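The values are calculated or read from the model by the stated rules, or taken from the named source; none is laboratory data. Remember, it's a predicted structure, so these values are computed and weren't measured experimentally. For neighbour counting, all protein chains shown are included, and Cβ atoms are generated from backbone atoms with ideal geometry for every residue, glycine included. Just so you know, the surface numbers come from the protein's heavy atoms only, side chains and all, with ligands and any DNA or RNA stripped out. Shrake-Rupley method; radii C 1.70, N 1.55, O 1.52, S 1.80 Å.
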Amino acid sequence: MLGAYASVAVLIAASVVAGQAILSLCGRREFSWLAGPVGLAAILVVAGIAIKLPGHGNAVAIALAALFVLSLASLVSRRRGPGAPRLTLALLAAGLTLLLASIPFIVNGRVGILGVGLVNDDMASHLLIADWLNTRVGQMPGLIRSGYPVGPHSLAAGLGEGLRTGLIEAFAGITLAIPVLTALLAVEALRDLRPLPRILVAALVALPYLGAAYLAQGAFKEPIEALFLLAFALLLPGATTVRRCLPLAVIAAGAIYAYSFPGLFWLLGAAAIYALVALIRGARPALPIRGTGPATPWAGAVVVGVLVLLIAPELGRIVDFTDFRAFGNSTISSGLGNLRHQLSPLEALGIWPASDFRLSASAASAPAPAFYLGALVAAVALATGLPRWIRRHGEALPAALAAAIVIYLGALAFGTVYTSAKALAIAAPLITLISLGGLLGRERSQHDSQPGGGAPLWRLGLALALAAGIALSSLLVLRQAPVAPQDHANQLAELRPLVQGHKVLFLGRDNFIVYELRGARPFTAVRNYYDPNYVRPNLRLKDVFRKFDFDSVTPATLGRFPFVITTRAAYASGPPPAFEPVHETSDFVLWKRAGPVGERRTLGEGDRPGEALDCSSSHGRRLSGGPGTATVFTASPVIGGTWSPNPTVESGSVSSQALTLSRGRWLISIQYDSTRALRVRAPGMDATLPANLDYRGSVPFHAVGELSLRRRGPVRFTVSVERPPLAGRLLGAYAVAHLGTIAASPAAGDRATGPIPGEGERRTPLRRACDRYLDWFRSPGGR
């Protein structure tokens, strides 16, 4: 946790200092919170270039430290910074925003990967990119070859090396720093508001509904682009000389390093619309910025020249990115990405009372009229605030909003569902700033030198309704944002040194497996979008894509891998004799192949670990009548049925079901995902399983514990999920788990370290396997 917040502090301080130095060198000597995004853009450029140098992440850390020192030295030799009252107000806005942005971590009681498992697993790729850029170990991620922008990833690598923290904490720091910088920017833009409204509105601008939704899924590119668009628009009116145009070039370069060439669309669109409005008006708008005057005719050429110079190291990659698959309808699910359908543009207005931004009004739990009433309030607020903003502050921000709307309509018509959703997220902070800033801005006096009276009651009421709606909608998202637990990741990290440089078959379901086993080449038999290495499963098995054990693939495929990783669940097919367990963790087993796999045949077991051999059938008689050996369970596993009252368990509720088990020792296994620890209880057993957000859907079984029975009878299993921490409960958050099948497998032996697949099995001649639960067999006759 300390690493994440250290990253926030370092990044904000470095951005403000570097940005103010650039603004000062470009003729703006007074302090401005516009420095934050300008400095962040410069940092992304420096990081994107330095990551190519020897040392990679260390080179980025050194380069950023040098940038900070030089910027600070430049400022010390010039004018002082802001006075205490202004600084205090900005710190209050920044602190409030950081607190709100941290709600997912507070509610979950941990810092980790946002949005994992249930919303969005794009961080699987981001972490792998950042790690490869820093270490150059393993395969180059495909996205890098495609020209994917890696400025934020280079920055994460530099923060990780400089602060000696992990990449997960570094990305969390970047994700949290962006809304803080946005809030500081809003403080600058809302100079005519009183202190308290200024602080509250700045936090809402930083975290409008879609802004909160993108933070909750760990997305950082769209919030960065929105921040750059806001800063670019606010700097436009003052860009009246060549020097004052240069910060625009820095922001544009930063946008390219963060978003590649599409990042320029919003900035160029805002500049073009602003210039067009100025031409129509015949003069520049009157703005409270000193030094406003006619722009130098060749200022644009200078800006373009500086921009080209800054992005020159990335030009080849920018060209490669023009073919990126996200721009066409050939992407997964025809451009849906992690979405279910086209997002409603009403979400960008800020009021959308659903904890999942992907839900339509009809699919959410709140009544549909609440969505449309909120959207009506937000639309009226925008329609009222927009003309007032223009009168008070000019056309720059409305020009940026117009550009964002045009880009959204273009993405809607020619792009994908995924890209149009991004366009809405980028527009959301602009809409909030213009709406609330226009409604609450005080009128100027007759001589336009001092602010006049406050807003009338009706406008104040409308602003309060809008602010309350945005705050409630964003809170719904933030308090239920999933944050990845580290239990499984830490266990896989324990296995990583043992498989470095080798191919390993991972018989599980985890979108982050390539990162967790970085340095090795993990392959999966059930393809996930984030898995570059894939082997064809044993397609002769029914429901093979729901199966995660040694029978999932053919013997020939097993023979290609020196290592295999499975869960420790006993309800699974056992290993071939050639594989031996070499390391076990609480939830996983690492197997090493010591020889050829040999023949391995199965019955029609589907997604089960085996099938009873029916010797009354012709096929069963042929098998039992010939030579061969069978590996059978000492007793048939018992599979559960339906959970009561339902398979979804929330904090404060339980689900249960009964299994009828015979006398003896049984190993219990379960399929589940959960945001908090899962507790499974039965007479004689009380087990706690770690939170698990590896994947939502078809997942492997995990070991629960052992149960000993003295007599045959029904055994009721009750499952509950741990409640969130106190802070989460106060915010109305709840933990949730989704239960799959529960199963009991026979135990055998006395292993001190617990069960592993194949423990309750033994070999027998095929002729003695009739009516036995058969895992796999060898038949020399091939029958």
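Relative to its Kirkwood radius, the Cα radius of gyration of the stretch 513-630 gives an Rg/Rh of 0.99. Taking the chain, the Cys residues with no second Cys beta-carbon under 4.7 angstrom are CYS26, CYS245. Rounded to the nearest whole Hz, the Karplus-based 3J(HN,Hα) values (6.51 cos²θ - 1.76 cosθ + 1.60, θ = phi - 60°) of the stretch 630-638 follow the sequence 10, 9, 10, 6, 5, 8, 5, x, 10, with x at glycine and proline.
How big, on average over all directions, is the shadow cast by the Cα convex hull of the stretch 642-735, in nm²? Seen from a random direction, the Cα hull of the stretch 642-735 projects 6.5 nm² on average.
With q set to 0.05, 0.06, 0.09 Å⁻¹, the log10 of I(q)/I(0) for the chain, from the Debye formula over equal scatterers at the Cα positions, is -0.31, -0.43, -0.86. With protein chains left intact and a 1.4 Å probe, residues in the chain average 39 Å² of accessible area per residue. In order along the stretch 716-721, phi translates into HN-Hα couplings of 8, 9, 10, 10, 9, 10 Hz, rounded to whole numbers, per the Karplus curve 6.51 cos²θ - 1.76 cosθ + 1.60 with θ = phi - 60° and x for Gly and Pro. Our helix-only sum for the chain, with -39,500 (n - 2.57) per DSSP H run of n ≥ 4 divided by its residues, gives a mean residue ellipticity at 222 nm of -14500 deg cm²/dmol.
Quick one, could you list the DSSP H helices from the chain stretching 20 Å or more along their long axis (Cα atoms) with average Kyte-Doolittle hydropathy of 0.5 or above? Mind dumping the intermediate values first?
Working: long enough: 2-25 (34 Å, 1.90); 35-50 (22 Å, 2.21); 57-76 (28 Å, 2.21); 84-101 (25 Å, 1.75); 167-189 (33 Å, 1.92); 221-235 (21 Å, 1.47); 242-259 (25 Å, 1.27); 263-281 (28 Å, 1.92); 368-393 (36 Å, 0.77); 396-414 (27 Å, 2.23); 417-440 (34 Å, 1.62); 457-479 (32 Å, 1.72).
Within the chain the helices that satisfy the rule are 2-25, 35-50, 57-76, 84-101, 167-189, 221-235, 242-259, 263-281, 368-393, 396-414, 417-440, 457-479.
Carbon and sulfur together cover what percent of the accessible area of the chain at a 1.4 Å probe radius? It is 60 percent, rounded to a whole number.
Sorted by mean Cβ packing within 10 Å, highest first, what order do the peptides 97-109, 539-551, 230-242 take? Could the numbers behind the result be given before it?
Details: 97-109: 22.0, 539-551: 19.4, 230-242: 23.8.
Top to bottom by mean Cβ count within 10 Å: 230-242, 97-109, 539-551.
Per-residue surface analysis assigns ASP694 an accessible area of about 30 Å², computed on protein heavy atoms at 1.4 Å probe radius. Amide hydrogen proximity for HIS583: with H placed 1.01 Å from N in the peptide plane, the residues at 5 or more positions away or on another chain lying under 5 Å are LEU590. Annotated for the chain: lysine pairs at least 8 residues apart or interchain, Cα distance under 26 Å, count 5.
Calculate the all-directions average of the projected area of the stretch 6-135's alpha-carbon convex hull, and give it in nm². Don't skip to the answer; put the middle values down first.
Working: hull surface 38.4 nm².
One quarter of the hull surface, i.e. the mean projection, equals 9.6 nm².
This model, with +1 at the C-beta of Lys and Arg and -1 at the C-beta of Asp and Glu, gives the chain a dipole about its Cα centre of some 160 debye. A Cα-only calculation for the stretch 126-180 places Rg and Dmax at 11.2, 35 Å.
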